[in-house]
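These notes concern the structure reproduced below.
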Amino acid sequence: MSRQVLGARVLRKEDPRLVTGTGSFTADIKLPGMVYVRFVRSPYAHAKIKSIDTSKAKALKGVVAVFTAKDVKLNPVPTAWTIPNADLKIPKYYPLAVDKVRYVGDPVAVVVAEDPYTARDAAELVEVEYEPLPAVVEQEEAVKPGAPQLYDEVPNNVAFTWRLSGGNVDAAFASADVVVKHKFVNQRLQPTAMETRAVVAEYNASTDSYTVWITSQNPHVHRLLFSAILGVPEHKLRVIAPDVGGGFGSKITVYGDEALVVYLSKLVRKPVYWWEERSENYHSSTHGRDHVEYVELAAKSDGTITGLRVKVYANLGAYLSTAAPGVPTYLFALMLSGCYKIPNIQAEVVGVLTNTSPVDAYRGAGRPEASYLLERMVDLLSRRLGKDPVEIRLKNFIQKDEMPYTVATGLTYDSGDYAAALKKALEIVGYEKLREEQKRRRNAEKLLGIGISSYIEVCGLGPSKAVRGTGFGLGLWESATVRMHPSGKVSVYTGSSPHGQGEETTFAQIVSYELGVPVEDVEIIHGDTAMIPFGMGTYGSRTTPVGGGAIALACRELVAKGAKIAAHLLDTRVENVVFDAGRGAYLVRDNPQRSVSIQEVAIASYQADRLPPGVEPGFEATKFYDPENFVFPYGTHICVVEVDAQTGQVEIKRYVAVDDCGVHINPMLVEGQVHGGVVQGLGQAMLEHSVYDKSGTLITASLNEYAIPTSVESPKIESHFIYTPSPHNPLGVKGVGETGTIASAQAYVNAVVDALSHLGVQDIQMPLTPERVWRAIHRS
């Protein structure tokens with residue numbers, strides 16, 4: 001087996017079943033006697049529940065049961081990230097509303113019926129009498145005196161006030177030559193995975209246990225939190241994430257309605273099935289972003305940045321979702337230094353409850369918000385000083401020879417060459433020629449703009465000591481068991497839970513590289529808590545760095561065991577045996593013609609009659625990998641646009657991405673992740689915006705109103721790379737799943753504002769619709 005498998009463009013192993021429609025998603029699970037669930041959800045954003053009459057629904061033929069909060073005995077939905085030193089207040093939120101609803105879509109009753117159509121009809125027959133209350137949907141309004149209060153135990157709707165400070169910020173601003181101030185709104189977004197959430201649950205009365213098929217990014221986390229909600233021991237819950245049609249963070253969350261579906265399987269003694277329709281998904285699954293940010297940047301007249309001060313009002317929605325407190329605090333503020341040497345940084349984040357759907361992780365989760373405000377402020381500073389935005393960036397970059405570098409927020413960047421990424425992107429795009437062309441076209445109908453975004457992200461979540469210090473419920477290690485069968489084929493059991501990233505291929509390539517077996521001989525098993533070791537799942541670009549790291553270490557442990565067996569078979573000392581993964585064989589160091597294949601070693605381990613003393617039968621290894629540091633992918637993206645000065649229409653002419661995500665396991669998959677991330681970030685910049693009216697009604701409640709990018713809006717992405725391996729990761733990888741999203745929104749906005757800068761335009765709030773661009777032109 002050639003060692004070139006690492007870095008090869010291997011076709012995705014999972015694609016044949018997915019593209020031919022033979023994958024197994026939660027909706028494909030069909031069990032005998034299965035019944036169907038429909039939730040009755042509140043049409044009001046804020047109201048008291050006066051009464052619920054279920055009699056008409058229960059009388060409908062085909063209805064199995066109807067339940068309200070008084071019929072179920074469940075614990076509150078837990079929050080798993082309890083940030084310290086922030087006066088955190090976690091109000092109790094139950095799977096069914098008890099006496100009050102707090103957002104449109106809050107479930108108040110649930111119907112179980114023999115078919116989905118009867119369930120829908122019966123849900124419409126449930127009569128709920130509400131006493132409407134004033135609602136508040138904007139975070140700055142929610143904290144004002146006299147604003148409607150969601151919970152008595154959360155005064156002024158403030159769930160937490162969290163602060164981070166490094167250096168002497170006050171001194172930096174007092175001595176600054178220039179101070180740039182700006183308000184940004186990083187608007188609310190609605191995750192739109194192809195597959196909405198779904199649950200199939202079956203209760204086994206003989207063992208008093210449950211089997212749950214669910215659209216999850218982290219099956220063991222779902223099992224743990226289901227245990228807390230249901231009051232059922234974990235070993236009585238088997239959670240299976242089959243094929244999952246995307247998540248983008250919204251399927252990290254453990255929801256009360258999902259736990260209730262599991263509970264119903266015991267109440268009705270039948271398998272139960274629930275899935276979301278798209279509108280229900282938009283109302284009841286978590287949203288993302290939604291920051292109001294007040295930013296101040298201090299600098300010297302030569303462009304040296306000396307300080308950054310940020311105050312954020314983060315909209316958390318109607319209750320604290322699974323990871324909600326940690327996303328706008330640690331995942332956001334730790335990245336405020338970006339690629340730059342900013343010695344003094346101060347952040348304050350006010351987490352606010354409102355009468356809206358809950359807000360939690362969405363692709364990038366806190367880091368796009370930080371990168372956006374920082375890169376926009378760098379551009380605003382360059383305009384204020386009359387300098388090229390490239391000059392400001394190069395002047396303030398952390399240099400390659402300064403690594404490892406600890407920034408003011410406390411993170412230690414382990415490796416990187418930020419200037420090289422920027423310079424490579426400038427060369428590819430032809431920056432100087434573009435600037436000359438821009439000058440010639442300043443009075444033309446089509447104005448040219450060049451937007452630069454130099455980003456870095458913290459990902460590969462662990463390490464456990466660091467994340468536990470932030471209040472995260474468990475450590476963020478990852479697990480893997482690698483088993484070579486007597487036939488020489490390999491099964492890998494991973495605690496990671498891929499759902500579209502291509503890890504069945506990537507992980508197989510890692511095993512092929514480490515053990516010298518063909519990729520085709522490697523099977524990746526994930527998503528079933530009854531089969532895999534306890535794992536923390538897939539999010540935060542951690543799957544390849546941490547999950548892949550665990551697999552690599554397990555392979556190496558297996559190789560080490562095999563060396564002992566091989567030495568015995570070859571009648572030599574262990575120290576005289578080397579493993580050649582290119583040949584998939586153990587060789588005698590001073591006589592390499594004498595060898596034994598790893599498959600021969602495997603069968604010998606199972607035959608067990610030729611094992612050396614002290615070596616147990618079987619050929620497998622399990623490792624739990626807890627990284628010593630995060631990983632830090634980075635890069636520069638440049639967006640070139642034409643803006644029609646008459647209509648406000650924007651066309652992307654070029655999009656160049658230069659990224660460094662360390663070693664590439666599969667370059668094709670790396671490029672795919674970058675491309676998908678870029679388009680997702682551009683969606684926020686161009687189109688996407690979750691909109692509520694003042695009563696708390698979601699206006700963007702379907703894909704008719706909520707615009708997401710299609711192939712029409714998506715540009716050709718010119719993807720390039722530089723390579724700086726992570727010095728501590730077993731494979732040298734850094735993670736890539738969120739890089740494009742973290743980089744692209746500000747690249748686009750910087751480009752449009754750059755095109756209009758000679759007209760006095762300094763900022764346009766996302767999304768940059770043609771109307772907003774047109775208004776910015778005409779206001780100026």
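These residues, PHE472, PHE619, go from largest to smallest accessible area, 1.4 Å probe, as PHE472, PHE619. Here each label is just a point 7 Å from Cα along the line to Cβ, and for ASP87 and GLN593 those points are 8.1 nm apart. Annotation for ARG468 and GLU131: the two label points, set 7 Å from Cα along the Cα-Cβ direction, are 4.8 nm apart.
Within the assembled protein chains, the solvent-accessible surface assigned to GLU124 is about 140 Å², based on a 1.4 Å probe. Here the contact order of the chain, divided by its residue count and restricted to Cα pairs under 8 Å and six or more residues apart, works out to 16 percent. Proximity of backbone amide H atoms, modeled 1.01 Å from N, is registered between LEU731 and no other residue at under 5 Å, excluding neighbours fewer than 5 places apart on the same chain. Accessible surface of THR22, taken over heavy atoms with a 1.4 Å probe and every protein chain present, rounds to 90 Å². By the rule of a C-alpha distance below 19 Å, with chain neighbours fewer than 8 residues away ignored, the lysines paired with LYS400 are LYS341, LYS423, LYS424, LYS734. For the chain, the fraction of C-alpha pairs more than 39 angstrom apart is 40%. The alpha-carbon of LYS564 sits under 16 angstrom from the alpha-carbons of these aspartates and glutamates, leaving out residues fewer than 8 places away in its chain: GLU575, ASP580, GLU600, ASP609, GLU616, GLU620. What a 1.4 Å probe finds exposed on the chain is 50% carbon and sulfur by accessible area, rounded to a whole percent.
Helices of the chain meeting both criteria, an alpha-carbon length of 20 angstrom or more along the long axis and an average Kyte-Doolittle score not below 1.0, with helices taken as full DSSP H segments, are 549-570. Residues whose amide H falls under 5 Å from that of VAL179, counting only those 5 or more places apart or on a different chain, are absent, with hydrogens built in the peptide plane. Derived scalar couplings between HN and Hα for segment 707-721 equal 8, 10, x, 10, 4, 5, 7, 7, x, 6, 9, 8, 9, 10, 9 Hz in order, rounded to whole Hz, by the Karplus curve 6.51 cos²θ - 1.76 cosθ + 1.60 (θ = phi - 60°), x for Gly and Pro.
Among the chymotrypsin sites (Phe, Trp or Tyr not before Pro) in segment 490-531, none sits in a DSSP loop with a Cβ that has at most 11 other Cβ atoms within 10 Å. Which one of VAL679, HIS485, ALA318 is farthest out on the positive end of the charge dipole of the chain, using unit charges on Cβ (Lys, Arg +1; Asp, Glu -1) and the Cα centre as origin? After comparing all options, I get ALA318. Simple point charges give the picture: +1 on the Cβ of Lys and Arg, -1 on the Cβ of Asp and Glu, and for segment 477-623 a dipole about the Cα centre of about 320 debye.
Checking every one of the trypsin sites (Lys or Arg not before Pro) in segment 699-775 against DSSP loop status and a limit of 16 other Cβ atoms within 10 Å picks out LYS716.
Look at the alpha carbon pairs under 8 Å that are at least 6 residues apart: their mean separation over the length of segment 119-191 gives a relative contact order of 14 percent. Whole-Hz Karplus values for segment 4-12 come out as 6, 4, 7, x, 8, 7, 6, 5, 5 Hz, taken residue by residue from phi with 6.51 cos²θ - 1.76 cosθ + 1.60 and θ = phi - 60°; glycine and proline positions read x. Here is how the number arises for the chain: DSSP H runs of 4 or more residues each give -39500 (n - 2.57), the sum is divided by the residue count, and the result at 222 nm is -8000 deg cm²/dmol.
Comparing PHE397, HIS222, PRO91 along the charge dipole axis of the chain, the residue lying farthest to the positive side is PHE397, per the Cβ-charge model. Rounded to the nearest 10 square angstrom, ARG594 shows an accessible area of 100 square angstrom against a 1.4 Å probe. Partner aspartates and glutamates whose Cα lies under 16 Å from the Cα of LYS73, excluding those fewer than 8 positions away in the same chain, are identified as ASP99, ASP257, GLU258. For TYR692, the residues 5 or more places off, or on other chains, whose built amide H falls under 5 Å of its own are ILE699.
Our summary gives segment 477-623 a relative contact order of 29 percent, counting only alpha carbon pairs under 8 angstrom and 6 or more residues apart. Only the Cβ atoms of Lys and Arg (+1) and of Asp and Glu (-1) were treated as charged; on that basis the dipole of the chain about its Cα centre amounts to roughly 460 debye. Taken one residue at a time, the phi angles of segment 128-137 give Karplus couplings (6.51, -1.76, 1.60, θ = phi - 60°) of 10, 9, 10, 10, x, 10, x, 10, 9, 10 Hz. Gly and Pro are set to x. The count of lysine pairs in segment 1-68 that are at least 8 places apart or cross chains, and whose C-alpha atoms lie under 29 Å apart, stands at 8.
The values are calculated or read from the model by the stated rules, or taken from the named source; none is laboratory data. The model shown is predicted, which means the values in this text are computed figures rather than measured ones. Counting neighbours? That spans all protein chains shown, and the Cβs are built from the backbone with ideal geometry, glycine included. These accessible areas exclude ligands, DNA and RNA; they are computed on the full protein's heavy atoms, side chains included. Shrake-Rupley method; radii C 1.70, N 1.55, O 1.52, S 1.80 Å.
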